[in-house]
Amino acid sequence: MGFRIIENIVSGDFAFEAFGETLEDLFASCAEACFSAMAELSKVDPKIDYSVDISADNLDDLLVDFLSELIYLKDAEKIFFSRFDINIDADNISLNAVARGERIDYNKHDVKVDVKAATYHNLEIKQIENGFEVNVILDL
Amino acid sequence: MERKKVAENIWEIPLSHKPGMRVPARIVASDNLMNSMDEGVINQITNVACLPGIRGYAWCMPDGHHGYGFPIGGVAAFDTEEGVISPGGIGFDINCGVRMISTNLTEQEVKPKLRELINDIYNSVPAGVGKSGFVKLNRKSFEDIMTSGASWCHKNGYAFESDLDHIEQRGKIPGADPSSVSEKAFKRGLDQMGTLGSGNHYLEIQTVRFDETCDRDIAEKLGVMEAGQIVIMVHCGSRGFGHQIGTDYLQSFGKAMQKYGIKTNDRELACAPINSPEGKAYYGAMACAANTAFANRQVISDSIRKCFSKAFGKPVDRLEMNLIYDVAHNIAKFEKYDIEDKSTRLLVHRKGATRAFGPGNPELSGLFRDIGQPVLVGGSMQTGSYLLMGTKKAEDLTFGSTLHGAGRVMSRTRAKKQIRGSNLQQIMEKEGIIVKAASFAGLAEEAGFAYKNVSEVVKIVDSVGISKKVARLLPLANIKG
């Protein structure tokens, strides 16, 4: 699992390509990419747990809705997340996850740029030989 | 790509470019800018041209660059009977905008106190990810802000009454409906009043410059009297509140499109008929966010005024810290234009584009009815910004719209690879610009070289006649969110 930042999109946004052997890994990679745009993830300790339950009409929407929920919690609860335990029910297109992180601390987290939203722009989860991949653009 | 130059600095992409285009697309650009225009902009503006009920042309301004849904710099007007409203034509940061405040101080007077001043403002205007504001709100007061915008600031001691006359639509868009706002949007925005945000948002102390093409008479009428005069510019929007409203409705409009049988070329162009319950609900929520953004910039202005007053030991009125203007550049508004010689009410979407009404427009009042509406163009933090005026020509040609900034040419990631934020800060200090940033990484992403040449894009709108150049504004000190 992991992600790679895409450089050549001329925009004010943050584009990345994520990979995962399983859908759970893929979603966790996307969540890590999202929070790595905002802070140095290695400095965000997994001290506080938040449960997230989401269902959607399709897997692409499930991913956008999952990222949107984490972005919402970032502002509403003033928290950065760095660890994600995710269970996905692909038949029912739903997930339950535990996101772990800590309250935003400017002295500790090497804070970067705010993520305003996850977009649907050209977003399509694709099955590849060893798992799944997706391109995501976040609005900064 | 098929394109034709229909006038100097105006290009047309015809209906034959893409199946489903209902109107041609038009791009305001020099030969140079057109040749280097990102292919994504062409694709996105021609996708906009396919939306139901679009009238005239789908326009893109010369600062246009690749976004999602609409390009940044996109302008499109929709018939109120047959047309649609699209969150992707407004952006997540609803009523992101710019305001400019005058002073009677000179560069010489301010420079010795600049560092102290910018540090004090930095402590008074929270900037960056996850920062809370100093204004404590509850549900009732937040709902008041949603419906009354900048007027709330006047009632609560954050604005002079005269400020309201200098805000687009007096800082209060009608039709705001708090019942269309989700609990999440409410919670996300509740503690962010008076905060700058992050990304390309900034607060800048600037000095005025004129060249021979600037209209000095208009400048004087606006209170911009001489070169070296200090002014302040603020660029920010509706913060997490607006971002959540954009997220909520983009999500729900997927279903609305199925219900109304609307298909778009891009999911980010999700839309609903203007007159449908879904379209009306989004408009009501968008207006709440727009009003909140006007209030946010007003509360920030109040903090800036207090810092200047403290630094110079004078009351605000003696420093003549008057609001020159406040404009939205991510918004949809009902306006009237002549379509086939008939006055028609349209919903004009501007995403990274500024309203640019000229003299005599009935929606303007007082001084602005006589001289037109100021247009504030935020350039990059290194190269400067512009004060322009709207024109009658803009109303005739581009649905009363013009550019909003310089426009990006380089992605954030690439900019960050070219320079470290701390190096950029040193370079800017050598250039005489003090920078205070919530994040060094965020600072590097906003380097001057990541943007088009602001003077070139301003020259284009000036020559096309959709705006008129009044003054150039050079940065002296900048707070970056």
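A few comments on the model shown:
- A single member of A:D89, A:D60 is touching a residue at least 60 places away in the same chain (Cβ under 8 Å), in contact with a Leu (Cβ under 8 Å, 6 or more places away or on another chain) and of a type in the set (D, E, K, R), and it is A:D60.
- Some residue of the stretch A:3-10 being among the basic types (K, R), open to solvent by 20 Å² or more (accessible area, probe 1.4 Å) and within 12 Å of another protein chain (Cβ to nearest Cβ): yes
- Total residues in the stretch B:155-212, condition charged (D, E, K, R), within 14 Å of chain A (Cβ to nearest Cβ) and part of a loop (DSSP other than H, G, I, E, B): 1
- For B:S401, the conditions (1) in contact with a strand residue (DSSP E or B) (Cβ under 8 Å, 6 or more places away or on another chain); (2) crowded, with 24+ Cβ neighbours inside 10 Å; (3) closer than 27 Å to A:V113 by Cα all hold with the exception of (3).
- Only one entry of B:G223, B:G228 meets the criterion of being under 30 Å from B:P374 (Cα atoms) and under 24 Å from the mean Cα position of the chain (by Cα), and that entry is B:G223.
- The residue that is modelled with the lowest pLDDT, counting only those in the stretch B:115-132 that are more than 14 Å from B:I304 (Cα to Cα) and open to solvent by less than 20 Å² (accessible area, probe 1.4 Å), is B:G130.
Yes/no per residue for (1) of a type in the set (A, V, I, L, M); (2) surrounded by 24 or more Cβ atoms within 10 Å (Cβ to Cβ); (3) more than 20 Å from B:F186 (Cα to Cα):
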site	(1), (2), (3)
B:L269	yes, yes, yes
B:T292	no, yes, no
B:A295	yes, yes, no
B:K306	no, no, yes
B:K310	no, no, yes
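- On the stretch given as the stretch A:121-140, residues that are on the phi < 0 side of the Ramachandran plot and either of a type in the set (G, A, S) or more than 9 Å from chain B (Cβ to nearest Cβ) (or both) total 13.
- Restricting the stretch B:135-174 to residues that are among the small types (G, A, S) and closer than 19 Å to B:G372 by Cα, the residue that is most open to solvent (accessible area, probe 1.4 Å): B:S162
- Some residue of the stretch B:236-243 being part of a strand (DSSP E or B) and either within 28 Å of B:G366 (Cα to Cα) or of a type in the set (S, T, N, Q) (or both): yes
- Every residue from the stretch B:170-188 that is more than 30 Å from B:Y451 (Cα to Cα) and under 20 Å from the mean Cα position of the chain (by Cα): B:R170, B:K172, B:I173, B:P174, B:A176
- Test for B:I245: is it β-branched (V, I, T), open to solvent by less than 40 Å² (accessible area, probe 1.4 Å) and more than 12 Å from every other protein chain (Cβ to nearest Cβ): no
- Within the stretch A:11-21, if we keep just the residues that are of a type outside the set (F, W, Y) and buried (at least 18 other Cβ atoms within 10 Å of the Cβ), the residue that is farthest from A:T119 (Cα to Cα) turns out to be A:G20.
- When the stretch A:91-115 is limited to residues that are closer than 23 Å to A:S55 by Cα and open to solvent by 50 Å² or more (accessible area, probe 1.4 Å), the one that is farthest from the other protein chains (Cβ to nearest Cβ) turns out to be A:D91.
- Criterion: open to solvent by 10 Å² or more (accessible area, probe 1.4 Å), among the charged types (D, E, K, R) and within 25 Å of the chain's Cα centre (by Cα) - qualifying residue of B:D38, B:D31, B:D63: B:D38
- B:R3 being open to solvent by 50 Å² or more (accessible area, probe 1.4 Å), in contact with a strand residue (DSSP E or B) (Cβ under 7 Å, 6 or more places away or on another chain) and of a type in the set (D, E, K, R): yes
- Number of residues in the stretch B:348-370 that are within 17 Å of B:G465 (Cβ to Cβ) and open to solvent by less than 10 Å² (accessible area, probe 1.4 Å) equals 6.
- The set of residues in the stretch A:11-55 being part of a loop (DSSP other than H, G, I, E, B), within 14 Å of chain B (Cβ to nearest Cβ) and more than 12 Å from the chain's Cα centre (by Cα) consists of A:S11, A:G12, A:D13, A:A39, A:E40, A:V44.
- So B:G240, is it touching a Lys or Arg at 6+ places or on another chain (Cβ under 6 Å), within 14 Å of chain A (Cβ to nearest Cβ) and under 21 Å from B:D177 (Cα atoms): yes
Conditions tested, residue by residue: (1) within 13 Å of another protein chain (Cβ to nearest Cβ); (2) part of a strand (DSSP E or B).
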position	(1), (2)
B:W59	no, yes
B:H66	yes, yes
B:E82	no, no
B:G88	yes, no
B:N95	no, no
B:V98	no, yes
B:T103	no, yes
B:K111	no, no
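- For B:T264, the requirement of being hydroxyl-bearing (S, T, Y) and farther than 28 Å from A:L62 by Cα is not met.
- In summary, helices (runs of 4 or more DSSP H) completely within the stretch B:406-481 and bearing 1 or more residues that are open to solvent by less than 20 Å² (accessible area, probe 1.4 Å) and in contact (Cβ under 8 Å) with a residue 60 or more places away in the chain occur at B:440-444, B:454-464.
- Residue list for the stretch B:386-414, restricted to those being away from chain A (no Cβ under 14 Å), in contact with a helix residue (DSSP H, G or I) (Cβ under 7 Å, 6 or more places away or on another chain) and of a type in the set (G, A, S): B:G400, B:S401
- Among the candidates A:A76, A:A118, the residue that is closer than 19 Å to B:G240 by Cβ, surrounded by fewer than 21 Cβ atoms within 10 Å (Cβ to Cβ) and within 14 Å of another protein chain (Cβ to nearest Cβ) is uniquely A:A76.
The values are calculated or read from the model by the stated rules, or taken from the named source; none is laboratory data. Please read these numbers as outputs of a predicted model, since none were measured by experiment. Quick reminder, even Gly has a Cβ in these numbers, built from the backbone with ideal geometry, and neighbours come from all protein chains shown. Protein only, heavy atoms only, side chains kept; ligands, DNA and RNA dropped before computing areas. Shrake-Rupley method; radii C 1.70, N 1.55, O 1.52, S 1.80 Å.
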